[in-house]
1. Each residue of the stretch 235-252 in order: what ³J(HN,Hα) in whole Hz does its phi give by Karplus 6.51 cos²θ - 1.76 cosθ + 1.60, θ = phi - 60°, with x for Gly and Pro?
2. A 31 angstrom limit on the alpha carbon distance is what I want to check against. Which of 41/157; 23/207; 23/157; 41/134; 157/207 exceed it?
3. Can you tell me the FRET efficiency between residue 33 and residue 212 if r is taken as the Cβ-Cβ distance and R0 is 25 Å, rounded to the nearest 0.05?
4. Amide H to amide H under 5 Å from residue 179: which residues, 5+ apart in sequence or cross-chain, H placed 1.01 Å off N in plane?
5. For residue 26, what residues show an amide H to amide H distance below 5 Å, using hydrogens built from the backbone and excluding near sequence neighbours?
6. Determine the gain in length on full extension of the stretch residue 125-residue 230; use 0.36 nm per residue of separation and subtract their C-alpha separation, reporting nm with one decimal.
7. Only Cα pairs within less than 10 Å get springs; with that Gaussian network setup on the chain, which residue of 174, 35, 107 has the largest fluctuation?
8. For the stretch 16-22, take each phi angle, set θ = phi - 60°, evaluate the Karplus expression 6.51 cos²θ - 1.76 cosθ + 1.60, and give the result in whole Hz per residue in order, putting x for glycine and proline.
Amino acid sequence: MSDHVRLDVDGPVASLVFDRPAKRNAMTVGMWSAIPELLGKAADDDAVRVLVLRGGAHFSAGADIGELAALRSPADGRRFNALTDAAESAVASFPKPTIAAVRGFCIGGGCELAVACDMRIAARDARMAITPAKLGVVYTHRPTKRLADLVGPAWAKQILFTGEQLDADQALRIGLVNEVADDLDARVAELARTIAERSQVTVRAVKAIVNRIQDGADDEDDEVRRLYDQGYASADFAEGVAAFTERRRPEFG
């Protein structure tokens, strides 16, 4: 486990925190390796309803280039790709809603992790880029697909061809972020709290269905119909209908 990434839990909101400020949260091998285990703990914690990824002054400046310089062969590169892909996949497959709170630099592997989240909220000072073209490496398949699904193939190509940084307004315009916030921490806290208060039966089913659509499913199947049935059979459904009828705020378990 790395000393530079940790999991903080505050009620229903867990935060995966990158904490290597001297290097603008550049990701070491130890940091990449720690992510799946930490997210496994958050996934298993029934009290956790939302996960936020965050840094301090910077989200993450990307992979530690000093460690990349130590890769001497395609075999080394495959091992490194497997490590980063496992971390990115752990974020993308996390079963609860995920929010990237993007402040400062969100570059390379940092941007890869942000794109793997369900939502991205940016501060005014956010700068986002994915920079393999500056290093002579090839961005791996799943993150490339996720980027193209998010911003469209033309913008994905421009981002990856150039490695140029996008400011917060540019990122918002192309759909790379959901919102730009003047007070990032307050807006992320508000959004996380709102999601945590909603029916988790609905929220997690929506995430599962949208993920299936992104993976190529064109129609519902028995697994999706099972989600419908679980909703109607749930205590959340009974509470939601009762609260609406009684004109009060629902209190979901």
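1. Whole-Hz 3J(HN,Hα) from phi for the stretch 235-252: 5, 4, 4, 4, 5, x, 5, 4, 5, 5, 5, 8, 6, 9, 6, x, 10, 7.
2. Pairs exceeding 31 Å: 41/157; 23/207; 41/134.
3. Values: r = 29 Å, r/R0 = 1.15.
Given R0 = 25 Å and the Cβ-Cβ separation, E is 0.30.
4. Amide H neighbours of residue 179, under 5 Å, 5+ apart: 120, 122.
5. So residue 26 has HN proximity to 61.
6. Here the answer is 33.5 nm.
7. 174
8. In residue order, the calculated couplings are 8, 10, 8, 9, 9, x, 5 Hz.
The values are calculated or read from the model by the stated rules, or taken from the named source; none is laboratory data. The structure displayed is predicted, hence computed values, not measured ones. Every residue, glycine as well, gets a Cβ built from its backbone with ideal geometry; the counts of neighbours run over all protein chains shown. The protein model used for the area step is the full one, side chains on, heavy atoms only, and it has no ligands, DNA or RNA in it. Shrake-Rupley method; radii C 1.70, N 1.55, O 1.52, S 1.80 Å.
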